[in-house]
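As structure tokens, the structure follows; a few thoughts come after it.
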Amino acid sequence: VPIAAEVLKAKGVYDPKKVFGVTTLDIVRSNTFLAELKGFDVVETDVPVIGGHAGITILPLLSQATPMADYTAEEIEALTTRIQNAGTEVVEAKDGAGSATLSMAYAAARFAESCLRGMNGEPVFECAYVESSVVEGLDYFASKVKLGPRGAEEVFPVGDLTPFEEECLEKLKPELKSSIEKGIAFGQK
């Protein structure tokens, strides 16, 4: 997203409401893993995922998931780590012979449908990686956004976090900041 933003800025056509990093794959994985763990219907499961889209920058907010559930500290830590490393898990399961192409396709289709519904005037809420002031010091961040005819019409704050989630947020900041800076520098070349 920072690279695309810089290229579009250089061409004079940048609109921050219309440039998205699609983090829906992290949502799909989070929903699936939580539903499996707690016996929920995956269709009714929604786990907001904030931050970025790589390793520790992926932060599932289990405290804000629906349906609500009780978790042990061990479940939270294990599920968070599994979600953060899900791409690696798939590659290892395929013995290096591919990646999560089916789930990527599903996530892309879901996000595209959400964008189309939003463009049609239906208020739609998704998590996406966008230009944002949600977290101080990070110019881009994934959080819940309201999609509408003009793109990301509203970017929502992260909301209340548990101490574990706050700790994870602090840990992801330097990694995400470095990634953003690299993207901006590359996009300005």
- Task: Report, by chain and number, residues whose modeled amide H sits under 5 Å from the one on residue 46, excluding near sequence neighbours (fewer than 5 apart, same chain).
- Result: 66
- Query: Which cross-chain or sequence-distant (5 or more) residues have an amide H under 5 Å from the amide H of residue 71, H modelled 1.01 Å from N in plane?
  - Reply: none
- Task: Divide by every residue of the chain the summed helix terms, -39500 (n - 2.57) for each DSSP H run of at least 4, and state the resulting mean residue ellipticity at 222 nm, rounded to the nearest 500 deg cm²/dmol.
- Result: -15000 deg cm²/dmol
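Which of 9/177; 94/173; 9/94; 94/144 have a Cα-Cα distance over 29 Å? Kindly include the intermediate steps, with their values, before the conclusion.
Details: 9/177 20 Å; 94/173 31 Å; 9/94 40 Å; 94/144 32 Å.
From the list (9/177; 94/173; 9/94; 94/144), the Cα-Cα distance tops 29 Å for 94/173; 9/94; 94/144.
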- Query: For the stretch 68-178, what class follows from the C-alpha gyration tensor (a ≥ b ≥ c being the square roots of its eigenvalues): rounded when a/c is under 1.5, otherwise prolate if a/b is larger than b/c, else oblate?
  - Reply: oblate
- Query: So for the stretch 110-150, Kirkwood radius off the Cα pairs, Stokes-Einstein at 10 °C and 1.306 mPa s: how many µm² s⁻¹?
  - Reply: 149 µm²/s
- Short version: ³J(HN,Hα) in whole Hz for each residue of the stretch 47-60, in order, from phi by Karplus 6.51 cos²θ - 1.76 cosθ + 1.60 (θ = phi - 60°), x for Gly and Pro, what are they? 10, x, 10, 10, x, x, 9, 8, x, 5, 6, 8, 10, x
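Measure off, as a whole percent, the carbon and sulfur share of the 1.4 Å-probe accessible area of the chain, all protein chains present.
C and S atoms contribute 56 percent here.
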- Å³ per residue enclosed by the Cα convex hull of the stretch 1-118: 130 Å³
- Given a 1.4 Å probe, the accessible area of the stretch 58-189 per residue, as a whole number of Å², is 57 Å²
- Would you grab the residues whose amide H sits under 5 Å from the one on residue 126? Only those 5+ places off in sequence or on another chain, please, with H modelled 1.01 Å from N. 145, 147
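About its Cα centre, how strong a charge dipole does the chain have in debye, to the nearest 20, once Lys and Arg get +1 and Asp and Glu get -1 at the Cβ?
On the way: 18 positive and 29 negative charges, 205 e Å.
The calculated dipole for the chain is roughly 980 debye.
The values are calculated or read from the model by the stated rules, or taken from the named source; none is laboratory data. Owing to the predicted nature of the structure, the values given are computational and were not obtained by experimental measurement. Don't worry about glycine lacking a Cβ; one is built from the backbone with ideal geometry, like all the others, and counts go over all protein chains shown. Heavy atoms of the whole protein, side chains included, go into the accessibility calculation; ligands, DNA and RNA do not. Shrake-Rupley method; radii C 1.70, N 1.55, O 1.52, S 1.80 Å.
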